[in-house]
Amino acid sequence: MELIIRGDKIEITKAMKDYLNEKLKRLDKYLEKSENVRANIVVKVKGHLQTIEITIPLHNFIIRSEETQDDFYAAVDKAIDIMERQIRKNKTKIKAKATKTKIDFNIIDIEEEEHEESNIIKRKRIEVKPMDEEEAILQLELLGHEFYLFKNVDTNKEAVVYKRKNGGYGLIEAE
């Protein structure tokens, strides 16, 4: 697995790189052709807290984890545990979807900007990919987000699937 590591307000040492490489090898057993997989890692520091963001874009899905701890190594361990749990939890769903369709479902970041004068802190433009509701829920879970924007293949309309407080999912569809 190829690692792309970036430090935000921190210099990434060789020991940190080696630790990340060693821990990410745990995920190789879940990934086919892991030598072609690229993991994007961002290490951020805010005060005494260190945040690790790990994103692994695969052919059909994006696996993502973010963890904040006092210690870099504890944050890495927790983030990898979360990713491994996500993969194991959704393994059968991922395999079923991969054999059912050959559409690429990754979100592609087209543009990302920061605006200081507005209340909007971050703007992101994405390419909305066509998929069914079950695939959107799976992508939502793999990313660890509260909502997910997609184009519903059944209705050909943009839609948002989101987590409800009661543990279920909701769907908002454009007219």
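The values are calculated or read from the model by the stated rules, or taken from the named source; none is laboratory data. Predicted model only: the values in this text are computed from it and were never measured. Every residue, glycine as well, gets a Cβ built from its backbone with ideal geometry; the counts of neighbours run over all protein chains shown. For accessibility, only protein heavy atoms count, side chains too; no ligands or nucleic acids. Shrake-Rupley method; radii C 1.70, N 1.55, O 1.52, S 1.80 Å.
Pairing each residue of the range 151-175 that is among the basic types (K, R) with any residue that is surrounded by 10 or more Cβ atoms within 10 Å (Cβ to Cβ), provided the two are 6+ apart or on different chains, yields C-beta distances under 7 Å for K151/V128; K151/K129; K151/P130; K151/E158; K157/E173; K157/A174; K163/Y169; R164/G170. For V128, the conditions (1) at pLDDT 80 or above; (2) not in a loop (DSSP other than H, G, I, E, B) are fulfilled apart from (2). Just one of the listed residues (A39, A74, A79) is open to solvent by 20 Å² or more (accessible area, probe 1.4 Å), in contact with a strand residue (DSSP E or B) (Cβ under 9 Å, 6 or more places away or on another chain) and among the hydrophobic types (A, V, I, L, M, F, W, C), and it is A74. The residue that is most open to solvent (accessible area, probe 1.4 Å), among those in the range 133-163 that are among the charged types (D, E, K, R) and under 17 Å from T92 (Cα atoms), is E134. Taking strands (runs of 3 or more DSSP E) as the structural unit, no element lying wholly within the range 33-118 holds at least 2 residues that are modelled with pLDDT under 90 and at positive phi. Note down all Cβ pairs under 9 Å where the first residue falls in the range 1-25 and is more than 16 Å from I80 (Cα to Cα) and touching a residue at least 24 places away in the same chain (Cβ under 8 Å), the second is surrounded by 11 or more Cβ atoms within 10 Å (Cβ to Cβ) and of a type in the set (F, W, Y), and they're at least six residues apart or on different chains. Final answer for the pair search is I10/F72.
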